[in-house]
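Step one of this worksheet: look at the structure below.
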Amino acid sequence: MKINPLLFLALLACPPLHAQELLELNAAQRCIYTGALMDEELYRFPESDRVNAWVKEIAELGDTEINFEVVQTNVENVSAVLDGEKRYLLYSLDFVEKNTELEVVVALAHEVGHHANGHHFSAERRKTEELEADQFMGYVMSKRGFTMPDIEAFLKKLPSSYELSFEDRRLVVGEGFDKAGRSMQINSLPFDNNPQLDELTLPGFPWPPPSCNARFAVPVSSFAGYRTLGDVERKICTALDAKGYAQRSYFSVPNGFAIVTQLEQYNAEDGTARNDRTRWLDYPAKDNFAGVLDYLKSFVMPQKGYFRLFVFVATNQPFGGSAQRVSKDQAAAWLNLGFNKLPRSLATAPFSAGYDVTALVYEFEVPESNRKPIQKCPAPLFDAKTHLQKSGIAAGLGF
């Protein structure tokens, strides 16, 4: 057989084509920034150094680790995926090249936010998870120097695929912006000795506190000999740390401060904290079943989730309760709206005669059938002292 020499030379001149590598993953649990569809077959393409650099920067600004694999593939834009225990951040190079840096980094930050928050992309938590990812994105974009008008324009240009309103997204992005601003303001100062710290003020806790709480005055003996509000704060935090309440937020109240814990699920039978993976989930879920009958019964008799959070208020001012109530989502959001520590101006303030520490407990019941929270008001499931004792916090406070 004769070979055309010109054709032979042309073939030699052509560079070899890269074989497409099939990306084997189950992408059922995912978020796609825009568009709900994904190709059935995904292929792995060469990495983009520019995208990898952006992802690294986003993780650093968001104070999170890269616990996911970054892959260029044939998705529509950017997607976060959970496949079993493995997490992925998928992106389209076509999307990267056809959009501005702001638009690409916003989409990447939103999807990184899903992984930073450990999301599972379940239908029942879709709205909550999308808004949490938006808040993370707002936090990162603020630190990166973008403005709220920049982000608002992008949210209008590329709305959510999951039926979230622009106003809801703008609100949580703004919360992320505000949190980043407070963080940068504090971190820019040496915390222990800079006079400017005296000028910093904590975000205010709703005052008087929202109604429908159970309350308990912590015995004065728990803080005997303590001289400053910082001494009081350290004892409360030691008690909280000992029982796993590591995430908390600080607010100001008249002549004092408030510490808010993370929302948790507890056992309705005895008031103890749940000791499985469901403790920090914000929706009702049963982790274990006693057997097949127990599993089948869960379909006929859906479970309820019982939630609570603690607020410790240190002040010398008497207070009652406001007519305002607080929703489960609003109460959970307190964790992200306060400072991460007590400013020096408050920590050094005297803890003198007339000061008290009051524990407030907000309870919510969430039926598994409709996921609509019901605040336990006016009759809580347990009184505040029982909650403190059953959670183990009381022992750390010495009563």
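The values are calculated or read from the model by the stated rules, or taken from the named source; none is laboratory data. All figures in this text were calculated on a predicted structure; none of them were measured in a lab. Cβ atoms come from the backbone with ideal geometry, glycine included; neighbour counts cover every protein chain shown.
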Inset, instruction - Take segment 119-164 and flag every residue that is more than 17 Å from residue 329 (Cβ to Cβ) and in contact with a strand residue (DSSP E or B) (Cβ under 8 Å, 6 or more places away or on another chain). - result: 120, 121, 161
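Just to be sure before I move on: is residue 216 among the aromatic types (Phe, Trp, Tyr), farther than 28 Å from residue 131 by Cβ and at pLDDT below 85 in the structure I sent?
Details: among the aromatic types (Phe, Trp, Tyr): yes; farther than 28 Å from residue 131 by Cβ: yes; at pLDDT below 85: no.
The answer is no for residue 216.
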Legend entry - Every residue from segment 144-162 that is at pLDDT 90 or above and buried (at least 21 other Cβ atoms within 10 Å of the Cβ): none
Inset, instruction - For residues that are more than 14 Å from residue 359 (Cα to Cα) and surrounded by 15 or more Cβ atoms within 10 Å (Cβ to Cβ), scanning just segment 304-323, find the one that is modelled with the lowest pLDDT. - result: 305
Legend entry - segment 28-75, residues that are of a type outside the set (S, T, N, Q) and in contact (Cβ under 8 Å) with a residue 60 or more places away in the chain: 30, 31, 32, 33, 35, 36, 57, 58, 61, 62
Inset, instruction - Kindly indicate whether residue 73 is assigned by TED's automatic domain parsing to the domain that holds residue 180 and out of contact with any helix residue (DSSP H, G or I) (no Cβ under 8 Å at 6 or more places or on another chain). - result: yes
Inset, instruction - Report, by residue number, each residue of segment 118-151 that is under 16 Å from the mean Cα position of the chain (by Cα), part of a loop (DSSP other than H, G, I, E, B) and among the small types (Gly, Ala, Ser). - result: 118, 122
Inset, instruction - Output the number of the condition that residue 114 fails; it satisfies all remaining conditions of (1) out of contact with any strand residue (DSSP E or B) (no Cβ under 7 Å at 6 or more places or on another chain); (2) modelled with pLDDT of 90 or more. - result: (1)
Inset, instruction - For residue 231, indicate whether it is surrounded by fewer than 20 Cβ atoms within 10 Å (Cβ to Cβ) and modelled with pLDDT of 95 or more. - result: yes
